[in-house]
Amino acid sequence: MTTLSSAQSRDISYQLHSYTNAVTHQKIGPRIIERGEGIYVYDDQGNKYLEAMAGLWSVAVGFGEPRLVEAATRQMQKLPYYHTFTHKSHTPSIELAEKLVNYTQGRMSTAFFTNSGSEANDTVVKLVWYYNNALGRTQKKKIIARKRGYHGVTVASASMTGLPGNHRDFDLPLPQIKHTSCPHLYREGLPGETEEDFATRMANDLEALILEEGPDTVAAFIGEPVMGAGGVILPPDSYWAKIQAVCRKYDLLVIADEVITGFGRLGTRFGSDAFGIEPDIMVLSKQLTSSYQPLAAVMLSRPVADVISNHSGTLGTFGHGYTTSGHPVATAVAIENLNIIEERGLVENAATTGAIMQSGLRELADHPLVGEVRGMGLIAGIELVADKASKRPFDPLGKMGAAVYERAHQNGLIVRGIQDTVAFCPPLIITPEQVGDMIARFRKTLDEVHKNQPA
Ligand code: PMP
């Protein structure tokens, strides 16, 4: 059985963290995770957990992968650090940029490296502004994101994030960032509305917002192909085509935030492939290094990259970059990680084992606590409701998700509660047998929580 004694035995007051439950405000954890192997992690009490969230949607190749340790060690010994300023570079960052361009099958031409997804999205905002200044369109600066989207927590990224908790009391969002509707049919659909009609309405909402703001002032649209941290939300099949048509009509750049969906999560190389998105800019992170090293990449299509590099040539400088942009150890690890993803066919595994996970989880749709089961490839969300027929949520929202999250630990399972949606995003190496085990542990958890509910 899991205990919280590890949390009680460590003084956690030296770090600024949120260790309180959002609903009850009770102090919880932290559980101290000490080591990992494959799809499992172990805490400092010796408890073993099936890590059904791959950490934070990120450990594609599993924990304890020796090839990544070796790649990091080799690079540490050869050149532990160098930068990419003052006309210098180093081999790992050059090779990774080329590998990524090839991996996008030429749709993107140029990479810019940062340390995190948030910094990458912040960079995107600056590049969109820089791009439009280069084109003399000095008014065209607003960026439209979506309610419940997640793009990170730096000033501009948090502004694009569409979650109130990331704005409240941080004086965000910035005035240049606007939010349009969230494409979640189950929650946002009107009575009797078809998926197709809903997708059309979402595109109409976007168009109305652009017209209200003035098309000459709107520069770009950003979205995750499938929303992650907002609750694993899949748009209707035709959503992206309709959104993209509106973007093209008003000359908006299309930015695909592929921080979670990049490198196989949906059973395709990119989420853009799954939904027919033709992005001008792509943002990659997490599974890029399996999060063994902090690294993200902003990928630019040729036309965007050309405008930006020509403009910086005119100005005589490109005044943007980080001390550790393209860090040699991080980029060396990314190269090896992508090699493993290719050699072991992990994108294909996300499609085949993902299909098994999706159908297995859908068998829980009849459970009294379950409102909606949604997902694609190796990512899924199960929304828990107080009343299935009316979709009435629990009150207070988030309490049931927290209860399931907590109880799952007792059954050796790490999931995530996003309000009352339970998220699954296991490492891409997961096998069909392990998927079966994961679902069995979750079903047991749901039954136990259901049984213990006050009448
Ligand atoms: N974009 C998306 C889609 C994400 O899921 C995340 C992280 N969950 C980010 C951006 C931010 O990345 P980071 O936490 O590395 O700043």
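We did not get these values from a lab; they are worked out from the coordinates using the rules stated. These numbers come from a predicted model, not from an experiment. Quick reminder, even Gly has a Cβ in these numbers, built from the backbone with ideal geometry, and neighbours come from all protein chains shown.
Among residues of segment 131-167 being in a helix (DSSP H, G or I) and over 16 Å from residue 283 (Cβ atoms), the one that is nearest to the ligand (Cβ to nearest atom) is 166. Set side by side, the residues 211, 234 differ, and just one is surrounded by fewer than 21 Cβ atoms within 10 Å (Cβ to Cβ) and farther than 24 Å from residue 106 by Cβ, which is 211. Scanning segment 159-188 for residues that are closer than 22 Å to residue 391 by Cβ and in contact (Cβ under 8 Å) with a residue 12 or more places away in the chain gives 162, 163, 181, 182, 183, 184, 185, 186, 187. Restricting attention to strands (runs of 3 or more DSSP E) lying wholly within segment 1-106, give those where 2 or more residues are over 30 Å from residue 395 (Cα atoms). Answer list for segment 1-106: 33-37, 40-43. Please work out if residue 111 is more than 22 Å from residue 214 (Cβ to Cβ), away from the ligand (no atom under 16 Å from the Cβ) and either over 18 Å from the mean Cα position of the chain (by Cα) or not aliphatic (A, V, I, L, M) (or both). Yes; evaluated as a whole, the condition is true for this residue. If we scan segment 148-159, do we find a residue that is over 17 Å from the mean Cα position of the chain (by Cα) and charged (D, E, K, R)? No, segment 148-159 has no match at all. I'd like the residue in segment 160-190 that is within 17 Å of the chain's Cα centre (by Cα) and under 18 Å from residue 122 (Cα atoms) and, out of all such residues, is surrounded by the most Cβ atoms within 10 Å (Cβ to Cβ). The selected residue is 160. When residues in segment 116-158 are screened for being within 17 Å of residue 182 (Cα to Cα) and either without any contact (Cβ under 8 Å) to a residue 24 or more places away in the chain or among the charged types (D, E, K, R) (or both), 3 of them pass. Filtering segment 346-360 to residues that are of a type outside the set (Gly, Ala, Ser) and in contact with a Gly (Cβ under 7 Å, 6 or more places away or on another chain) leaves 346, 347, 358. Considering each residue of segment 349-367 in turn, none proves to be crowded, with 24+ Cβ neighbours inside 10 Å, under 21 Å from the mean Cα position of the chain (by Cα) and β-branched (Val, Ile, Thr). Of the numbered criteria (1) over 30 Å from residue 204 (Cα atoms); (2) part of a helix (DSSP H, G or I), the one residue 128 fails is (1).
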